[in-house]
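A quick write-up on the structure given underneath.
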Amino acid sequence: MERYVEEVVVMDKPCKETELSKDYKGYGRIKRYDRYGIRHQLEHRWVYAIAHDYKFEEGEVVRHLCNNPGCIEITHLALGSYQDNTNDAIKAGRHIKGSRVGGAILTEFEVLDIKNLLDKGKLSHQEIADLYEVKRHCIADISSGRTWKHVK
Ligand SMILES: [Zn+2]
């Protein structure tokens, strides 16, 4: 018999669903306009940053304790690492197979977007990394062709 130690999270409040259009992963996306044009930002991440007056360090993600990607209820959001996020996703049974197997953080779909951004040359590697919530070296590797060479 395997024994599971489940993290029990008590939700005082119901989920608050985003009113924005959701991306293919179910996250609400904010359109922001700045000197680079339109940028899409994860809404729950933005909500967290505003509510806690928080500036993210590289590699930090905002987790959904309720495992509802479209939720923007602030008490359901917590700071975490990529690994936490992956663990949450596995627990919730929504871990994406296929392109994420083998520790890959991005999907082919996202890599295509990133390659387009790199081609345009308007954003730095760090800025693209922030946009996709990955580490800068992931973007540098895509840029140099060390990874994801087959995606064109
Ligand atoms: Zn929620």
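Is there a residue being within 16 Å of the ligand (Cβ to nearest atom) and under 25 Å from Gly121 (Cα atoms) anywhere in region 49-58? No, every residue in region 49-58 fails to be within 16 Å of the ligand (Cβ to nearest atom) and under 25 Å from Gly121 (Cα atoms).
For region 101-126, the candidate set comprises residues that are surrounded by fewer than 15 Cβ atoms within 10 Å (Cβ to Cβ) and under 17 Å from the mean Cα position of the chain (by Cα); within that set, the residue that is modelled with the highest pLDDT is Gln126. Scanning region 19-43 for residues being touching a Phe, Trp or Tyr at 6+ places or on another chain (Cβ under 8 Å) and in a loop (DSSP other than H, G, I, E, B) gives a total of 1. Look at region 60-76: where a residue is farther than 17 Å from Lys25 by Cβ and a partner is more than 6 Å from the ligand (Cβ to nearest atom) and charged (D, E, K, R), sitting 6+ places away or on another chain with Cβ atoms under 7 Å, you get Glu73/Lys13; Glu73/Lys16; Thr75/Asp12; Thr75/Lys13.
Mind checking which residues of region 127-152 are in a loop (DSSP other than H, G, I, E, B) and buried (at least 18 other Cβ atoms within 10 Å of the Cβ)? If the condition is that a residue be in a loop (DSSP other than H, G, I, E, B) and buried (at least 18 other Cβ atoms within 10 Å of the Cβ), then Glu133, Val134, Trp148 are the ones that fit.
The values are calculated or read from the model by the stated rules, or taken from the named source; none is laboratory data. Since we're looking at a predicted model, the values are computed, not measured. No Cβ is skipped: glycine too gets one built from the backbone with ideal geometry, and neighbour counts run over all protein chains shown.
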